[in-house]
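The values are calculated or read from the model by the stated rules, or taken from the named source; none is laboratory data. Quantities reported herein were computed from a predicted structural model and do not represent experimental measurements. Neighbour counts are summed over all protein chains in view; Cβ atoms, including those assigned to glycine, are modelled from backbone coordinates with ideal geometry. What goes into the accessible areas is simple: the full protein's heavy atoms, side chains included, and nothing from ligands, DNA or RNA. Shrake-Rupley method; radii C 1.70, N 1.55, O 1.52, S 1.80 Å.
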Amino acid sequence: MTQPTRVEHDVIEIVQATRPEDMTPEVSRELVNCWMTVANNGGAVGFAFPPVSIDDVRPAADQLIADLDPQYNLLLLAKLGGVLAGWLNLSRYRDPLVPHWGTVKRVQTHPDFRGCGIGAALMHRVREVARDELGLEQLRLEARGGEGLEDFDGRLGWQEIGRWPGALRFDHDDRDEVLMLLAPL
């Protein structure tokens, strides 16, 4: 499989997938490959102990895609030069006590596209989608401490609202789980 080529001056296109049928086999493969590559390069994207293979990632991706729903669970896919460069998941609970907030998960940029603004573009767009299309008032996310993620998110308006000290254990390296909030949207 060919690796994406870095494209310096292309416009980042953000595409929404809100139903399983929005994900073509090609886009699904790109998502799995991106997820695997990010995880294997140390990304905090749900696979704590790399290396992971396509066979490890595909079931999680298949479940994520199967759960797509326009009001409760969607994907934002960032493309640069026609290639999937990153993506994230936005979800909300069906619980009537919390209809006003959503959760951002799996924010990732393929390593070949780091430094191109993919992550920032995704985070700006998720704010717009949450506010304007889903009517949400706040977003939450959890980040692995010690990776600089809270600084990245902070530059985009997110606030750290707490930590679970030592919540994540990686081969004798305990990390905090950092709780972040974006409100108002």
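Which of the residues spanning the stretch 148-165 are at pLDDT 95 or above, under 18 Å from the mean Cα position of the chain (by Cα) and of a type in the set (A, V, I, L, M)?
Hit for the stretch 148-165 is 156, nothing else.
Restricting the search to the stretch 45-99, which residues are over 17 Å from residue 28 (Cβ atoms), in contact with a helix residue (DSSP H, G or I) (Cβ under 7 Å, 6 or more places away or on another chain) and hydrophobic (A, V, I, L, M, F, W, C)?
47, 80, 90
Checking residue 52 against (1) open to solvent by less than 50 Å² (accessible area, probe 1.4 Å); (2) more than 27 Å from residue 181 (Cα to Cα); (3) not in a loop (DSSP other than H, G, I, E, B), only one condition comes out false. Which one?
(3)
In the stretch 100-135, which residues are over 12 Å from the mean Cα position of the chain (by Cα), in contact (Cβ under 8 Å) with a residue 24 or more places away in the chain, over 23 Å from residue 72 (Cα atoms) and outside any helix (DSSP H, G or I)?
116, 117
Specify the residue that is surrounded by the fewest Cβ atoms within 10 Å (Cβ to Cβ); the eligible residues are those in the stretch 136-183 that are small (Gly, Ala, Ser) and assigned to a loop (DSSP other than H, G, I, E, B). Even if it seems obvious, please write down each step before you answer.
As a first pass, look at the stretch 136-183 and keep what is small (Gly, Ala, Ser): 143, 145-146, 148, 154, 157, 162, 166-167, 183.
Applying the additional criterion that residues be assigned to a loop (DSSP other than H, G, I, E, B) yields 145-146, 148, 157, 183.
Working: 145: 20, 146: 15, 148: 10, 157: 15, 183: 15.
This residue is 148.
When you scan the stretch 55-90, how many residues do you find that are open to solvent by less than 40 Å² (accessible area, probe 1.4 Å) and among the hydroxyl-bearing types (Ser, Thr, Tyr)?
Final tally of qualifying residues: 0.
Looking at residue 94, is it modelled with pLDDT under 95, over 15 Å from the mean Cα position of the chain (by Cα) and open to solvent by 30 Å² or more (accessible area, probe 1.4 Å)? Reasoning before the result, please.
On the way: modelled with pLDDT under 95: yes; over 15 Å from the mean Cα position of the chain (by Cα): yes; open to solvent by 30 Å² or more (accessible area, probe 1.4 Å): yes.
Answer is yes for this residue.
With outside any helix (DSSP H, G or I), among the charged types (D, E, K, R) and open to solvent by 40 Å² or more (accessible area, probe 1.4 Å) as the only criterion, which of 26, 13 stands out? Please lay out each step first, then the result.
Values: 26 fails: outside any helix (DSSP H, G or I).
Only one candidate passes the filter, namely 13.
If only one of 125, 131 is out of contact with any strand residue (DSSP E or B) (no Cβ under 6 Å at 6 or more places or on another chain) and either closer than 23 Å to residue 64 by Cβ or open to solvent by 30 Å² or more (accessible area, probe 1.4 Å) (or both), which one is it? Give the derivation first.
Numbers: 125 fails: out of contact with any strand residue (DSSP E or B) (no Cβ under 6 Å at 6 or more places or on another chain).
It is 131.
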